[in-house]
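Beneath this line is the structure, given in structure tokens, with notes to follow.
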Amino acid sequence: SIVRRRTRPSGNDRRVVRALALLGHPDSAARRHATYRDRPDGPSDRAEVRYTLGVIAEARGDAAAAEREYR
């Protein structure tokens, strides 16, 4: 059943980066995000990158940087 199926995030999944940041490890999240070599392809990919950077900035307590990334 599709409900029971467990999937692992890909190695390039930014959800993992955001989870790390939200769990109190923003530096680790930033290091992992910096290793990604993919190029954002299209507006939705670029938005996900900026959102992820915003989450990291917010986890670091930098509200101004987070707001810039979210916008």
Would you be able to say whether some residue in the stretch 36-50 is open to solvent by 90 Å² or more (accessible area, probe 1.4 Å) and either touching a Leu at 6+ places or on another chain (Cβ under 7 Å) or at pLDDT 90 or above (or both)? yes
Report whether or not Ala30 is over 17 Å from Asp13 (Cβ atoms), assigned to a helix (DSSP H, G or I) and without any contact (Cβ under 8 Å) to a residue 40 or more places away in the chain. no
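The values are calculated or read from the model by the stated rules, or taken from the named source; none is laboratory data. All of these numbers come straight from a predicted model, not from anything done at the bench. Cβ: placed from backbone, ideal geometry, glycine included. Neighbour counts: every protein chain shown. The accessibility values were calculated without ligands, DNA or RNA, using every heavy atom of the protein model including side chains. Shrake-Rupley method; radii C 1.70, N 1.55, O 1.52, S 1.80 Å.
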